[in-house]
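J.: Here's a structure for you.
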Amino acid sequence: MRRVLAAATVAAGVAGVAAVVLLRRRAGHAGPGGNQPQPGNQPQPGSLRLHGNLRLSRGLATIRLVARGGARYATSAPRLFAAAGEHRQQLRNDLALQTAEDVASTLGTMKGVLMKLGQMASYIDNGLSPSVRRTLSRLQDSVPPMSPELAALVVEEELGGPPDQVFASWDPEPIAAASIGQVHRAITRDGRAVAVKVQYPGIAETIAADLGNVALLRRMLKVTAPSQDVDALLDELRERVLEELDYRREADHQRLFADYYNGHPTIVVPAIVDELSTRRVVTSELADGARFADLAEWPQSERDLAAETIYRFVFRSLYELHAFNGDPHPGNYLFHGGGRVTFLDFGLVRHFTETELEPLMQMARYLCVEHDPEMFRRNLEKAGFLRADAPLGTDQIVEHMALFYDTVRESRPLTMTGDYSSAVVRRFFDVRSPVTTYAQIPRSYVILQRINLGLFGLLGELTATANWRAIAEEIWPFVLGPPTTPMGEAELSWRARHPAPSIA
Amino acid sequence: MAIPDAGQYATAAGLIERSAAAYVSGVPERPADDGFFGPASVTWKISGDVTGPVAGLRSLMVQALHPLAMAGVDQHSGWREDPVGRLAATSAYVTTISFGERAAAERAAARVRRIHTRVTGVDEVTGRRYEASDPALLLWVHAALVESTVTVRRLLGTPLAAQDADRYVAEMVVAAELVGIPAGMIPASMAQLDAYIESVRPELRCTPAAAESMAYLLDPPGLDEEIADIWQDVRYGAVVSLPDWAREMYGYTAEPLTPARREEVRQVLGILDAVFIGEPGVLEARQRITALMRAAARPA
């Protein structure tokens, strides 16, 4: 068996529980037995497909299979949430989930899990076209909204009273679909306009139960790729999804980000309203602004500024806050012009320890600043990205990995393009490269693939130009360079109140 | 005893696609009426369960144990040449009866009754003559489907209250009448249904045609690899939910249905359902049904 242990490819298998369930080659659940003689050439159920090797590609094929379903979900989705007009309203009303039972029948038995994994698949798969990826990530849009009564019931259970008592004003029509829930507008009794995310009743239990059955997945993945990392990857993804089911975690994350960026000139994180946030309801200040799609009409200078803000947000959060928001999909931003961006949805956040971050920093440092390939390699190995015994020349490794650092290797203005992000994705999953054979993604860093596979794609869509290296130097703890752009200058007063951590 | 070569069967390629098309064809877009059951019926409620494919396979396994019913299918229906087409035709029929307008359901039933008049012959195993329009045979087929739907749903699906099971059996009486069974013969409660099935047991046996057909269905050749993997669990669900006597007639064994195994099967069935929904028109058909059901459930 070809030992292609590209962890990313393994992760692709994890992308669908579906995928993994289907990797089984277990027959004999139901097979001929008993006493009756078997006719000679009769097909024997359970015995036919025992041969054949397990292959990762099968997992990928299965994602496509599920995507087939996903595509259909998504094409009908706009009619539920995005399309305009009376018909949409009618359809939404007609299909609205009225009871917890409706929720279970719509999202139970793996559909909720598929939906979540579809969201995550975009940073752990390789073989899917961008359209299928988008489709999968929009699976959730196909879910009908809750009826006003059902949403009110959840609010009442969580906040102790029906919405029109708990809030001064409550809009029973949801304004958006959210992760396993929907968002309502409301005004608090002290007069603040807020967005209230309400979770589908019973969905957390359903998804948790479906995800609880991972013994099977683990076993199968182990057969597929006999590596410790399979366990770790699976655990990581599962843990992130389970965390997302508890809105209190999300509120905690959002508070952390909101506090840190409080006073920042361009980064806006809506504040959480503590007393109106619980396990299944999270209330934050209402934000309004242009959507990502609207930016297509904006002048390039504005798009560049928006991109710069997103870039600063991602890397400041990582290096200074030791936290990464793993869900940088276009729907999670609102744009206000002048580079001001509101960041929404902190359901999928990972915190990093110093020990986890240290080798990441050293990798960037030795490759881009110190130009010391051997130390770069040593840190790759230390982080677990590369097996220590890889019989490869360091120049070979650098050549393979350098693409991921292309935007920050030289100090010059550089335009992000779709081509670059595609090249990164291709390189990432290039199973033909000898380096890939010895590369893997340790559990802690799985979510960071969103930088390569999500952020760069986003900035590419904006065709954003900046001196990314210069901005990175402002942020890199081992450089902490002076401001290099007007936005960097504008950060100074905020920075004074939020000093960057000193480097190790 | 001559065992026909399994190679005589066409492959099962397109099973999902054609089943989906059959389903879509049976759910009208702008129905003039709610058909024979309607959005408040247990029939509609029960139809969307992910266990549908398992119930379908199990009911075929039970039906096939009646030598005359099996002979009729085996000798007449083009079963070997186009098994998937034959299954799709049955799916389309069942869907039309369940969700179609009354006129459409009546037309479909009349067509089936007409075809049945031409299906006669002699079963090679028992030497008995059969006629497909014989109410006794039709009743067996009907009862196997209804009982399988309830049993599989109870074993693997979401819980079904006892009174809902009884209501479902009672609702199904009209489906049996449509295909030509006199009302007086048709079980109208679970108890009657179970007693009826018990009464037929002495006539049942696993003929070579049944063994061969079911071996084909339990492991249909030509499926997409992914669907074939899913089918392992569909097959397991069907076999494990059979009554012991039926499983013994076939000579199948099944590992016990532990709670963990049950969950696993349900998960796989959920994925199969997601795949099914992915076929053209299925989501829209489901939404049409769901919208009517939600409207019926909504307080006036």
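The values are calculated or read from the model by the stated rules, or taken from the named source; none is laboratory data. This one's a predicted model, so the numbers in the text were calculated from it and none came from an experiment. Glycine also receives a Cβ, built like all others from the backbone with ideal geometry; neighbour counts cover every protein chain displayed.
J.: Within the range B:219-256, which residues are among the hydrophobic types (A, V, I, L, M, F, W, C), touching a residue at least 24 places away in the same chain (Cβ under 8 Å) and closer than 20 Å to B:P83 by Cβ?
T.: B:L223, B:I227, B:I230, B:V234, B:A238, B:V239, listed by residue number.
J.: Quick test for you: out of B:D224, B:D244, pick the one residue that is more than 9 Å from every other protein chain (Cβ to nearest Cβ) and not aliphatic (A, V, I, L, M).
T.: Only one candidate qualifies: B:D244.
J.: Working carefully through the options A:T355, A:T342, find the one that is without any contact (Cβ under 8 Å) to a residue 60 or more places away in the chain, of a type outside the set (D, E), in the same structural domain as A:W494 (by TED's automatic domain parsing) and surrounded by fewer than 22 Cβ atoms within 10 Å (Cβ to Cβ).
T.: Sole residue among the options that is without any contact (Cβ under 8 Å) to a residue 60 or more places away in the chain, of a type outside the set (D, E), in the same structural domain as A:W494 (by TED's automatic domain parsing) and surrounded by fewer than 22 Cβ atoms within 10 Å (Cβ to Cβ): A:T355.
J.: Shifting gears a bit: Of the numbered conditions (1) free of Cβ contacts under 8 Å to residues at least 40 places away in the same chain; (2) hydrophobic (A, V, I, L, M, F, W, C); (3) facing chain A (nearest Cβ under 8 Å), B:V282 fails exactly one; give the number of that condition.
T.: Evaluating B:V282 over (1) free of Cβ contacts under 8 Å to residues at least 40 places away in the same chain; (2) hydrophobic (A, V, I, L, M, F, W, C); (3) facing chain A (nearest Cβ under 8 Å) leaves (1) as the failure.
J.: Would you call B:V150 over 25 Å from B:P67 (Cβ atoms) and of a type in the set (V, I, T)?
T.: It is false that B:V150 is over 25 Å from B:P67 (Cβ atoms) and of a type in the set (V, I, T).
J.: Also, I was wondering about something else. With respect to the numbered conditions (1) buried (at least 20 other Cβ atoms within 10 Å of the Cβ); (2) modelled with pLDDT of 60 or more; (3) touching a helix residue (DSSP H, G or I) at 6+ places or on another chain (Cβ under 7 Å), which one is the sole condition not fulfilled by A:T224?
T.: Unmet condition: (2).
J.: Still on this structure, please answer the following. Out of A:G181, A:G191, I need the residue that is surrounded by 15 or more Cβ atoms within 10 Å (Cβ to Cβ), under 26 Å from A:V269 (Cα atoms) and not assigned by TED's automatic domain parsing to the domain that holds A:L95. Which one?
T.: Exactly one residue qualifies, and that residue is A:G181.
J.: Ok, one more. Please work out if B:T290 is of a type in the set (S, T, Y), at the interface with another protein chain (Cβ under 8 Å from one of its Cβ atoms) and over 19 Å from A:P145 (Cβ atoms).
T.: Judged against the criteria, B:T290 is not a match.
Yes or no, residue by residue, for (1) among the aromatic types (F, W, Y); (2) more than 7 Å from chain A (Cβ to nearest Cβ); (3) over 30 Å from B:G38 (Cα atoms); (4) surrounded by 19 or more Cβ atoms within 10 Å (Cβ to Cβ):
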| residue | (1), (2), (3), (4) |
| --- | --- |
| B:I230 | no, no, yes, yes |
| B:Y236 | yes, no, yes, yes |
| B:V240 | no, no, yes, yes |
| B:Y250 | yes, yes, yes, yes |
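J.: With the structure loaded, tell me whether B:G184 is under 24 Å from A:G108 (Cα atoms) and part of a helix (DSSP H, G or I) or whether it fails that test.
T.: no
Yes/no matrix, rows are residues, columns are (1) more than 11 Å from chain A (Cβ to nearest Cβ); (2) buried (at least 22 other Cβ atoms within 10 Å of the Cβ):
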site: B:E171; (1), (2): yes, no
site: B:A176; (1), (2): yes, yes
site: B:I186; (1), (2): yes, yes
site: B:S199; (1), (2): yes, no
site: B:L217; (1), (2): no, yes
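J.: Being at pLDDT 95 or above and out of contact with any helix residue (DSSP H, G or I) (no Cβ under 6 Å at 6 or more places or on another chain) is true for just one of B:A195, B:A165, B:A176, B:A144. Which residue is that?
T.: Only one candidate qualifies: B:A195.
J.: Quick check on A:E302: is it in the same structural domain as A:G481 (by TED's automatic domain parsing) and either out of contact with any strand residue (DSSP E or B) (no Cβ under 8 Å at 6 or more places or on another chain) or in contact (Cβ under 8 Å) with a residue 40 or more places away in the chain (or both)?
T.: In short, no.
J.: Still on this structure, please answer the following. Restricting to the range A:145-204, give me the number of residues that are part of a strand (DSSP E or B), among the small types (G, A, S) and free of Cβ contacts under 8 Å to residues at least 24 places away in the same chain.
T.: Final tally of qualifying residues: 1.
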